[in-house]
Amino acid sequence: MIIEKKPIAMAEMREIIKDLDTEKSKKMLDFTKKFVKIKEEDAKKLRTELERIDIAKLDSEKIAKIIDLLPEDAEDLRKIFAGGDITLNQDETNKILETVKKFIK
């Protein structure tokens, strides 16, 4: 049964499925080990900080993509917004990248 539907980052998904004891959840955890660049705890903190910078163009889907990809420069960030009619100005780009840099190790 679906209780709630919202985009989440892979790191956040790991937290949700880690206690499930199914073959499918084990495969998903193995898959995420290859690609997740951030700890679950840091992913939650990054989501909170991105929501606080108050950029209307940042919806939960874009925030999840940012957490998954951890863009390091404006070009990487633009790729997340590519394909839509949303573009970021320089100030918005800088705010997002400054926030993400706190979590890149």
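The values are calculated or read from the model by the stated rules, or taken from the named source; none is laboratory data. Keep in mind that this is a model prediction, so the values were computed, not measured. Cβ placement follows ideal geometry from the backbone for every residue including glycine, while neighbour counts extend to all protein chains displayed.
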Original post:
Restricting the first residue to the range 1-21 and requiring it to be free of Cβ contacts under 8 Å to residues at least 12 places away in the same chain, which pairs with a second residue that is of a type in the set (Val, Ile, Thr) meet a Cβ separation below 8 Å and a spacing of at least six or different chains?
Top reply: ILE16/ILE8
Original post:
Among the residues of the range 18-66, which ones are within 15 Å of the chain's Cα centre (by Cα), part of a loop (DSSP other than H, G, I, E, B) and over 21 Å from GLU92 (Cβ atoms)?
Top reply: VAL36, LYS37, ILE38, LYS39
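Can you name every residue in the range 67-99 that is under 14 Å from the mean Cα position of the chain (by Cα), assigned to a helix (DSSP H, G or I) and modelled with pLDDT of 90 or more? Steps first, answer last, please.
Going through the range 67-99, the residues under 14 Å from the mean Cα position of the chain (by Cα) turn out to be 67-72, 76-77, 79-81, 96-97, 99.
Retained after the next criterion (residues that are assigned to a helix (DSSP H, G or I)): 67-69, 76-77, 79-81, 96-97, 99.
Result: ILE67, ASP68, LEU69, ASP76, LEU77, LYS79, ILE80, ILE96, LEU97, THR99.
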